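Undergrad: Right, I'll just put the structure down here and ask away after.
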Amino acid sequence: MFEKTQKRILAIAPIGLAIGLAVGSIGTAGAAAHGGMKINGPYVLDSAGKVVTDGSGKCVKSPGGFSIAIPECGDAMKPKGPMDSDGDGVTDDKDECPDTIKGVAVNAVGCPKDSDNDGVPDSMDKCPGTRAGARVNVDGCEIIENVTIQTTVDHFDFDSAELKPAMMAELDAIAEKIKSTDGDEKITVIGHTDSTGPEAYNQRLSERRAQAVADYLASKGITNLSIKGMGESQPIADNSTREGRAKNRRVEIIAE
């Protein structure tokens with residue numbers, strides 16, 4: 001009986017020894033010494049506590065060590081606290097714009113500041129301090145709202161692109177608004193017709209009317225103008241009714 005017990009103890013002993021060596025090899029500073037060198041973290045340290053390097057100058061790693069970062073070996077130190085990946089001063093867990101360009105001022109949630117709330121960041125805004133609610137272009141400068149003028153009989157005669165006084169008065173007001181804004185608007189005049197008559201004819205009529213409006217605005221000092229004719233292709237009302245056809249006969253002034 002004694003012999004069997006002794007054999008069982010001998011069989012267990014190597015396992016216990018292996019566990020002890022493993023614990024010693026991954027210990028912190030002051031762990032198992034080996035040939036006058038201490039194994040500390042993932043690297044071998046000499047008796048003076050310096051990292052041992054090989055012939056090529058590389059740090060000698062120790063098997064089974066803790067991952068302790070050592071700058072001399074090219075390790076990056078583990079960051080303390082939450083990360084700030086884009087370096088804007090707002091930690092990643094609160095940053096709603098995680099890829100902000102370096103140097104751009106940000107708000108409390110890490111997005112580029114927009115002091116006048118016009119939708120254009122301060123870093124790109126050529127017209128800071130825009131009034132609240134104003135429509136702006138890509139530079140953050142105020143431009144006019146898009147305008148639709150219904151070209152009913154009071155504005156154009158049938159089959160005519162000649163402007164009448166009522167439309168001229170509307171265009172005068174639009175020209176003044178364009179001049180009063182900070183932005184250099186790009187103005188596109190788009191003509192539309194109802195579905196009465198041949199489609200090809202309506203296309204040409206829409207272009208003639210758009211050109212008449214653009215020419216009038218140009219005579220008032222408005223530049224950066226272009227025209228487009230859409231004919232009867234984009235109705236906004238029912239062409240089967242008189243009222244619907246009147247709404248479809250229109251000129252749009254689009255500002256960008």
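The values are calculated or read from the model by the stated rules, or taken from the named source; none is laboratory data. Note that the structure is predicted; figures quoted are calculated from it, not measured. As a convention, Cβ positions derive from the backbone with ideal geometry for all residues, glycine included, and neighbour counts pool all protein chains shown.
Undergrad: Going by the conditions given, is residue 191 over 16 Å from residue 235 (Cα atoms), modelled with pLDDT of 90 or more and not charged (D, E, K, R)?
TA: So residue 191 fails the test.
Undergrad: Testing residue 182 on (1) more than 17 Å from residue 152 (Cα to Cα); (2) at pLDDT 95 or above; (3) not small (Gly, Ala, Ser), one condition comes back false. Which one is that?
TA: Among (1) more than 17 Å from residue 152 (Cα to Cα); (2) at pLDDT 95 or above; (3) not small (Gly, Ala, Ser), the lone unmet condition for residue 182 is (2).
Undergrad: While we're on this one: Pull up the stretch 186-200, narrow it to residues that are out of contact with any helix residue (DSSP H, G or I) (no Cβ under 9 Å at 6 or more places or on another chain) and either closer than 19 Å to residue 240 by Cα or small (Gly, Ala, Ser) (or both), then point me to the one that is surrounded by the fewest Cβ atoms within 10 Å (Cβ to Cβ).
TA: So, considering only residues that are out of contact with any helix residue (DSSP H, G or I) (no Cβ under 9 Å at 6 or more places or on another chain) and either closer than 19 Å to residue 240 by Cα or small (Gly, Ala, Ser) (or both), the one surrounded by the fewest Cβ atoms within 10 Å (Cβ to Cβ) is 200.
Undergrad: Out of the stretch 145-158, which residues are in a loop (DSSP other than H, G, I, E, B) and over 37 Å from the mean Cα position of the chain (by Cα)?
TA: Residues satisfying the conditions are 151, 152, 153, 154, 155, 156, 157, 158.
Undergrad: Another question about this same structure. Consider the stretch 124-144. How many of its residues are surrounded by 14 or more Cβ atoms within 10 Å (Cβ to Cβ), within 24 Å of the chain's Cα centre (by Cα) and in a loop (DSSP other than H, G, I, E, B)?
TA: Residues flagged as surrounded by 14 or more Cβ atoms within 10 Å (Cβ to Cβ), within 24 Å of the chain's Cα centre (by Cα) and in a loop (DSSP other than H, G, I, E, B) within the stretch 124-144 amount to 10.
Undergrad: Would you check if residue 109 is of a type in the set (A, V, I, L, M, F, W, C), assigned to a loop (DSSP other than H, G, I, E, B) and not assigned by TED's automatic domain parsing to the domain that holds residue 244?
TA: When the stated conditions are applied, residue 109 passes them.
Undergrad: Read through the list (1) at pLDDT 80 or above; (2) in a loop (DSSP other than H, G, I, E, B); (3) on the phi < 0 side of the Ramachandran plot, then give the number of the only condition that residue 89 fails.
TA: (3)
Undergrad: Pairs only if they're at least six apart or on different chains, beta carbon under 6 angstrom, first in the stretch 236-250 and in the same structural domain as residue 192 (by TED's automatic domain parsing) and within 16 Å of residue 197 (Cβ to Cβ), second among the hydrophobic types (A, V, I, L, M, F, W, C) and modelled with pLDDT of 90 or more; list them, first residue then second.
TA: 244/237; 248/237
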